[in-house]
Structures are given as structure tokens and as C-alpha cells.
Protein chains: 2
Amino acid sequence: MSLYVMKFGGSSVGDTERMKRVAKRIADKQDEGHRCVVVVSAMGDTTDDLIDTAKQLNGQPPAREMDMLMTTGEQISVALLSIALHGIGRNAVSYTGWQAGFRTDETHGRARINEIDPRRVLASLEREQIVIVAGFQGMTVDGEITTLGRGGSDTTAVALAAAIQADVCEIYTDVDGIYSTDPRIVKTARKLKEISYDEMLELANLGAAVLHPRAVEYAKRHQVKLVVRSSFNHNEGTVVKEETSMEQGIVVSGIAFDKNVARVSILGVPDVPGVLAQVFGKLAEEGVNVDIIVQSGVQNEQADFSFTVSLDELDRAKEVIKEIHKTLPYREVTSEDNLVKVSIVGAGMVSHPGVAAQMFDVLSQEGVSIKMVSTSEIKVSCVIESGNLPSIIQALHSAYNLDTTEQAFVGGPKDRR
Amino acid sequence: MSLYVMKFGGSSVGDTERMKRVAKRIADKQDEGHRCVVVVSAMGDTTDDLIDTAKQLNGQPPAREMDMLMTTGEQISVALLSIALHGIGRNAVSYTGWQAGFRTDETHGRARINEIDPRRVLASLEREQIVIVAGFQGMTVDGEITTLGRGGSDTTAVALAAAIQADVCEIYTDVDGIYSTDPRIVKTARKLKEISYDEMLELANLGAAVLHPRAVEYAKRHQVKLVVRSSFNHNEGTVVKEETSMEQGIVVSGIAFDKNVARVSILGVPDVPGVLAQVFGKLAEEGVNVDIIVQSGVQNEQADFSFTVSLDELDRAKEVIKEIHKTLPYREVTSEDNLVKVSIVGAGMVSHPGVAAQMFDVLSQEGVSIKMVSTSEIKVSCVIESGNLPSIIQALHSAYNLDTTEQAFVGGPKDRR
């Protein structure tokens with residue numbers, strides 16, 4: 001008998017039929033002899049509808065009141081799922097975030113979990129109840145209702161799994177698991193059997209909102225074993241855990257790409273200390289998220305540097321840089337959109353030199369010119385022009401032997417990188 | 001500067017336009033220099049929609065989970081109303097029932113208020129905030145969410161007014177106030193300037209769900225001054241309080257009627273002690289609400305008695321009586337629907353004999369035969385066939401001088417009753 005946390009997203013409980021299917025799925029798990037704690041998001045479009053209504057009343061609704069409003073979405077879901085479970089003869093009990101013991105800080109709209117008091121959840125498990133907990137929400141010490149912001153429901157599930165020492169935290173979603181790359185782009189993309197937290201973090205863009213990085217970080221910190229699987233079939237899914245059994249043998253686990261990339265370059269910046277801090281401090285202040293930063297060499301006491309932002313933040317980034325000109329007399333600003341960031345990710349990379357060089361090889365054979373490069377222990381990212389992306393991804397996928405059906409040792413070049 | 005509790009029902013906040021109008025109304029009250037605590041029901045059909053969805057999942061949803069579900073309706077209302085108030089530049093704060101300090105017993109679906117801890121509401125008033133409280137809901141000492149059942153939002157408003165010692169509790173609704181009788185039936189029906197709690201209780205059927213008896217009882221017990229008024233205009237409304245200034249002079253304040261009446265008669269019941277207790281105990285057990293009970297004289301050691309129930313409970317009542325036959329060998333059961341209960345209500349009645357006789361006179365002049373009669377200190381009810389009801393009500397309305405434009409001394413017959 002294991003203790004499971006099962007998390008179902010909004011599309012999995014989008015209508016009463018799906019709600020019933022989820023209830024059946026939970027009942028099956030119980031019939032296998034397991035204890036179940038379930039975390040649910042708001043049904044389908046509920047959250048968007050609530051936001052729309054609020055905006056009709058007030059273009060800038062206060063965050064505290066939005067939290068009061070939004071948390072009803074999950075409360076409706078947990079109540080209905082519990083009602084559905086009772087409908088098939090199961091003893092279930094639903095809890096709001098605060099009832100389940102989620103204590104957060106006071107940052108309405110994107111609160112952080114301070115602690116979880118799981119006594120009520122554990123007491124219900126003792127009574128052999130299926131416990132249904134509202135995702136995405138908590139309460140401050142002053143009794144104010146908060147929401148956890150983006151990735152909140154995933155984080156709820158993982159945090160709860162850690163607090164009650166669950167054996168597994170299953171994230172049910174609309175895809176089968178984590179793939180070696182986007183199966184819509186590359187036909188030979190394979191579902192990964194397992195993957196490490198760090199790799200998962202790097203691959204977070206794959207499969208869109210399958211698993212929020214924040215939840216993965218939390219899982220890593222508390223060593224919660226995650227399984228990403230489909231709520232629509234019984235396929236096995238992908239296990240996310242610290243050490244994957246075949247880790248040493250695998251060089252590249254997956255290939256991620258991000259089409260939402262723009263580059264900004266600032267040319268002819270005086271080479272004095274504190275310049276980067278000034279530029280990126282100001283960007284951060286204005287809420288612009290910078291991804292890759294590259295500084296080229298210094299010539300004539302002037303430096304050039306480039307950074308990437310998401311496409312929709314390009315205009316804001318340029319405005320910020322323009323404003324900085326008053327205090328930082330650079331020569332010129334250029335920018336470029338229509339770019340893609342392609343990344344190869346693999347925990348085995350660190351012990352296999354030459355992986356990056358192979359990537360550059362493949363890109364060059366595809367006739368692609370590389371704009372920027374960024375590397376980490378387990379990742380190489382190249383920013384390139386968005387030419388024939390499917391062909392490029394497919395070429396990389398084949399080059400790193402990801403087309404084979406199982407994760408296995410990949411005999412990549414050993415003497416380069 | 002007064003402290004107001006303002007209660008708005010579901011139809012007053014049925015859509016965003018109405019919500020804005022309510023926000024404006026509250027802002028106006030604040031501009032007049034008053035402090036405001038607002039109680040709101042769920043928007044329009046929200047509650048019914050939630051029930052429908054639940055029933056699709058489970059024909060008999062558990063009460064505890066239904067409370068989790070239903071309370072979201074009011075939480076949405078309070079959040080949106082607060083958002084609307086912020087939209088017009090007001091500092092408002094919304095609270096769920098439990099946040100506002102409502103502690104109830106554990107009877108899910110129809111919990112009773114045990115106590116109210118108003119500290120949070122009072123602290124918000126100190127901060128010059130408009131406080132918006134979700135009606136209809138509370139929490140048990142164990143942190144379980146409960147609903148107060150029928151009349152719950154009115155009761156929330158009155159109970160909160162008592163707890164924070166508000167000067168007035170205004171119940172905003174879709175009618176102008178309490179009328180001397182139904183203005184849809186009698187053109188000369190007048191809005192009452194004031195009325196006592198007891199009269200209000202008897203007149204509860206007038207104007208349908210304008211004010212729930214439970215809230216009136218609570219108001220009477222805690223001496224909360226109520227004002228029933230329209231949320232769609234600024235007319236004055238009706239004041240409900242203990243002693244109305246002109247009480248001594250008024251004989252009949254209003255005429256109520258209820259078309260939802262059926263009679264059951266049990267004939268030839270053995271005249272032994274405990275018979276009534278047996279019959280009405282069983283009916284109560286089965287949840288059948290009995291209104292008027294009349295027992296006729298005893299002949300040959302057998303009694304006949306009759307009682308009224310609401311039309312939709314007639315079949316259940318007859319079933320119960322049928323079952324009782326096993327242990328109570330009565331001779332015959334008859335029943336009759338298509339009846340009306342007409343009541344004249346007035347606190348002054350007690351000091352004016354002959355009021356009942358005048359009613360019988362009027363009914364007889366209208367050619368109506370009276371089926372049952374029931375009286376109290378401030379009320380006479382007659383159950384009659386539902387003939388030409390408008391004509392009957394109009395005749396009574398005129399006979400008791402209710403057509404005059406102001407409440408005033410009514411020189412009714414003094415030597416009869």
C-alpha cells in the first residue's frame with residue numbers, strides 16, 4: 001500500500017463527464033490498495049471567466065480581492081469531485097487550501113508557501129477517506145486567502161506530497177509524459193521513461209505547461225518522486241527523480257526549443273565596472289525577464305553585449321535601454337526578432353566532452369548560423385534564425401540517437417566539446 | 001455618522017451592471033458620512049447552477065460537500081462587489097463567512113449561528129474600509145464550512161448587525177417595502193411605514209421572500225432595527241422594529257394570503273390520549289410542515305381533526321397518514337387542495353375585540369365559506385376556497401381601512417370578537 005498524491009489539471013476536470021472519469025480513476029487507485037490525496041485545479045475556463053467578469057468591474061482589480069475571487073474556482077472543483085466520488089460509493093472529503101494547512105506569505109497573486117500543517121489531511125487518511133485538496137491556494141497567518149500564482153497547482157501537489165511523505169506525486173495532464181522533443185515537430189520523438197529534476201527544469205518548455213519549473217524545484221528540494229502521465233489513458237508516463245538509473249549512460253535526454261525569442265544588442269558601451277549591473281538591474285526593476293546574456297570582447301575600451309528576452313517583452317526592453325542612455329552613453333542599440341532558442345539537455349553531458357561541438361556541427365550542416373550560445377552543466381543552448389525548425393530539430397534528434405525507442409547509452413563523441 | 005449593515009440579495013447583484021449600481025449605492029451611503037458593512041448573496045442563478053452540476057454527478061450529494069460547493073457563490077459575489085467598489089475609488093475588503101467570524105453548529109445545509117466574533121469586521125471599519133461579508137455561510141469550531149440554509153443571507157445581515165451594534169440593518173430587495181397586502185392583487189395596497197417584528201413574522205408571506213421569518217426572529221431577539229427597501233430606487237421602505245409609534249391605534253396592519261394550501265382531514269379517530277402526538281410526531285419526523293391544526297368535538301368516543309400543509313407536501317402527508325393506519329384505526333381520510341389561507345395581521349388586534357367577527361362578516365358577504373379558522377394575539381387566519389381571491393382581499397383591505405394612504409387609527413368595531 002502506497003500513499004499517492006494525484007494532481008489533475010483544469011482540462012482533466014473540464015466538465016461533469018471528465019469529472020466522473022477522474023473520480024473513477026481515483027477509485028481504481030484506491031482499489032489497487034493505495035491511499036489517495038488528490039489535488040485539483042479549477043474546471044476548464046472557470047478562472048478565465050472570473051477574470052473577465054472582474055475586469056468588467058475594474059480594469060485593475062486589487063490582488064487581495066482577486067485571490068478571494070479566483071480561489072472559488074478550485075473550491076468548486078474539489079467539492080464536485082468529492083460529490084462525484086460519493087456518487088460511486090467512495091468516502092471522500094474536500095478541503096480548501098487553508099483547510100489543508102497551506103500557510104503562505106502575504107504576496108497576493110503569487111504567494112510562496114511558508115509551511116504546511118498536514119494534520120487534517122492525515123487525520124482524514126486515517127479515517128480511510130480520499131482527500132481532495134484545492135490547488136493553487138493558501139492562507140496567511142492573518143487568515144487572508146492567497147493564491148500561489150503560476151504553477152500553483154503543481155506546486156500544491158508537490159508540497160503536499162512532501163508534507164505527508166507520499167511515496168509518489170502523480171501529475172495527470174493531457175500528454176503522455178515528457179518527450180525527447182516536441183512530438184508535433186519530430187515524428188520520432190520518444191517518451192522518456194525517466195529524467196532528473198535538473199533535466200526536467202531545462203526541458204520545462206517542452207510540452208508547454210506540463211509541469212511548472214517551480215514545482216520541479218520544490219520536488220528536487222524535498223526529493224519528491226514525480227510521475228507525469230496522461231489523465232486520458234493508462235500509459236506509464238515519465239518519472240522525474242533525483243538520480244535516473246541510466247543517467248551515466250545518456251548524454252542528451254531531450255531537445256527543447258523556444259520560438260518566443262528576441263535579441264537586443266548594445267554596442268559601444270564604455271568598459272567600466274558596474275555597467276552590466278546597471279543595465280540588467282534596470283531591466284529587472286521594470287519586470288523584463290532576461291534569458292541569455294553574452295558579452296563579447298573589449299575593443300578600444302568599449303564593449304558590445306547582447307541579451308535575449310521573450311518576444312512580447314522586446315518593446316519594453318528597448319524602451320528601458322533607451323532610457324538608460326541618459327546615464328550610460330552607449331553607441332548603438334540593435335535588435336532582432338524571429339529567432340529560436342534550441343537547447344540540448346542531458347545530465348550525462350558533464351562527463352561527455354564534445355557534445356556542444358556536435359551540436360554546432362549539425363547546425364552548420366543544416367546551413368544555420370548561430371547568433372548566441374549559452375551553456376550549463378547539463379545544457380547547450382543556441383539562438384538561431386527560425387529557418388526550417390522541424391528539419392533542424394529532427395537532425396539534432398537523430399544526431400544524439402534520440403530516435404531509438406528506449407533511453408540507452410549514447411556513444412557520443414568523447415574528445416570534443 | 002451611523003453604522004449601517006446593508007444586505008443585497010441575489011437579484012440585486014445578478015450581473016455586472018447591477019453590481020456596479022449596488023457599489024454606487026454603497027458609495028453614496030458612505031458619502032453621507034456613514035460606515036457600511038455589506039452582506040451579499042450569490043449572484044442571480046449561481047446557486048441553482050451549482051446544484052444542477054452537483055446533481056449531474058450524484059443524485060444525493062452529501063450535505064458537507066454541498067456546503068463547500070454552495071459557499072463559493074457568495075464568495076464570488078463579495079469579491080466582485082469589493083472589486084467594483086475599488087473601481088470607483090473606495091477602500092473595500094471582502095470576507096467569507098468564516099473570516100467575518102461566523103461560528104455555527106455542524107448541521108450542514110441548515111446550520112445555526114452559535115456566535116459571531118466580529119473583531120476582524122470591526123478592525124476593518126476602524127481602517128475606514130467598506131466591509132463586504134458573504135451571506136449564508138459560517139464555519140464550525142473544527143474549521144468545517146457550513147451554510148445557514150433558507151433565509152441565511154437575511155439572517156447573516158441581522159446577526160452581524162447585532163454583533164457589531166449597527167444602528168440599522170437595511171434589507172435591499174426588488175420591492176419597495178412591506179405592503180398592506182399584495183399590490184399585484186389589490187391596487188390600493190399601501191406600503192407600510194413601519195411594522196412590529198411580530199406583525200412582520202405573520203406577514204412573512206407578503207411579498208414572497210422579502211424578509212425571511214428566521215431573520216425577523218433574530219432581529220426581534222436582539223432588537224435590531226430593520227429597514228426593507230428597494231435596491232432599484234431610493235424610496236423610503238418599511239421600518240421593522242419592536243414598538244411602532246402608532247401601534248396602539250392600528251388594528252389591522254396588513255392582509256396576507258397563501259395560495260399554496262391543502263387540507264387533510266382524519267375522521268373517526270379513537271378519542272384516546274396521545275393520538276395527536278402520534279400523528280403530528282410522525283409527520284414532523286417525515287419532514288412534513290403542518291400549519292393550522294383544528295380538532296372538532298368528540299362524538300361516540302371518536303374525534304375528527306384537520307390540518308393544512310403546503311400543496312407540494314400533500315401527497316407525502318397522505319402517505320404518512322396511510323402508514324399510521326396500521327397503528328391508529330381511524331375511519332376515513334379526506335383531503336382538499338385548491339384552498340387559500342387569508343390572514344389579517346395587526347398588533348392592535350389584541351386591544352380591539354370584534355376584529356375576527358368583522359373578517360367573517362366580510363367573507364360571508366363575499367359568499368365565501370370558511371373551512372378552517374386559526375387565531376393568535378395578532379392574527380386571524382381563515383382557510384377558504386380559492387374563489388375570486390382579488391375581490392376577497394380587496395373587500396378585507398377596504399373593511400379595515402387599509403386603502404387610506406397613511407397608517408392611522410382605525411376605528412374598528414369595539415364590542416365584538
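Listing for the model above:
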item	result
Of the criteria (1) within 30 Å of A:L192 (Cα to Cα); (2) buried (at least 20 other Cβ atoms within 10 Å of the Cβ), which one A:S310 fails	(2)
Candidate set from region A:135-148 (those that are open to solvent by 10 Å² or more (accessible area, probe 1.4 Å) and away from chain B (no Cβ under 11 Å)); member that is nearest to A:R90 (Cα to Cα)	A:F136
Residues of region B:286-308 that turn out to be within 23 Å of the chain's Cα centre (by Cα) and of a type outside the set (F, W, Y), as a count	9
Only one of A:A42, A:A27 that is touching a residue at least 60 places away in the same chain (Cβ under 8 Å), in a loop (DSSP other than H, G, I, E, B) and small (G, A, S)	A:A42
Qualifying residue in region B:257-264 (condition: assigned to a helix (DSSP H, G or I) and over 23 Å from the mean Cα position of the chain (by Cα))	no
Qualifying positions in region A:165-185 - open to solvent by 10 Å² or more (accessible area, probe 1.4 Å) and over 30 Å from A:D403 (Cβ atoms)	A:Q165, A:A166, A:D167
Some residue of region A:288-297 being at pLDDT below 90 and within 30 Å of A:L160 (Cα to Cα)	yes
Residue within region B:44-51 that is touching a His at 6+ places or on another chain (Cβ under 8 Å), within 12 Å of chain A (Cβ to nearest Cβ) and more than 19 Å from B:I132 (Cα to Cα) present	no
Residue under evaluation B:N235, criteria (1) touching a strand residue (DSSP E or B) at 6+ places or on another chain (Cβ under 7 Å); (2) modelled with pLDDT under 90; (3) assigned to a loop (DSSP other than H, G, I, E, B), criterion not met	(2)
The listed residue being at pLDDT 90 or above, open to solvent by 40 Å² or more (accessible area, probe 1.4 Å) and not polar (S, T, N, Q), out of A:R221, A:R229	A:R221
Which listed residue, of B:T155, B:T146, is in contact with a helix residue (DSSP H, G or I) (Cβ under 8 Å, 6 or more places away or on another chain) and more than 20 Å from B:F8 (Cβ to Cβ)	B:T146
Criterion violated by B:R120 - all others in (1) facing chain A (nearest Cβ under 9 Å); (2) out of contact with any Asp or Glu (no Cβ under 6 Å at 6 or more places or on another chain); (3) under 27 Å from A:M19 (Cβ atoms) satisfied	(3)
Complete set of residues in region B:52-77 that are more than 7 Å from chain A (Cβ to nearest Cβ) and of a type in the set (A, V, I, L, M)	B:A63, B:M66, B:M70
B:A262 vs. criteria modelled with pLDDT of 90 or more, of a type outside the set (D, E) and within 30 Å of B:T173 (Cα to Cα)	yes
Lone qualifier among A:P353, A:P329 - being in a loop (DSSP other than H, G, I, E, B) and closer than 22 Å to A:S180 by Cα	A:P353
Meets criteria (touching a strand residue (DSSP E or B) at 6+ places or on another chain (Cβ under 6 Å) and either within 19 Å of A:I132 (Cβ to Cβ) or within 12 Å of chain B (Cβ to nearest Cβ) (or both)) for A:S12	yes
Any pair with Cβ under 6 angstrom, 6 or more apart, that starts in region A:73-84 at a residue that is over 14 Å from B:K55 (Cβ atoms) and of a type in the set (V, I, T) and ends at one that is open to solvent by less than 10 Å² (accessible area, probe 1.4 Å) and not in a helix (DSSP H, G or I)	A:V78/A:V40; A:V78/A:S94; A:V78/A:I132; A:V78/A:A134
Residue match in region B:93-106 (condition: more than 8 Å from chain A (Cβ to nearest Cβ), under 23 Å from B:R25 (Cα atoms), touching a strand residue (DSSP E or B) at 6+ places or on another chain (Cβ under 9 Å) and aliphatic (A, V, I, L, M))	yes
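The values are calculated or read from the model by the stated rules, or taken from the named source; none is laboratory data. Since the structure is predicted, the reported quantities are computational estimates derived from the model, not experimental observations. Counting neighbours? That spans all protein chains shown, and the Cβs are built from the backbone with ideal geometry, glycine included. When the accessible area is computed, the model is the full protein with side chains, heavy atoms only, and any ligands, DNA or RNA have been set aside. Shrake-Rupley method; radii C 1.70, N 1.55, O 1.52, S 1.80 Å.
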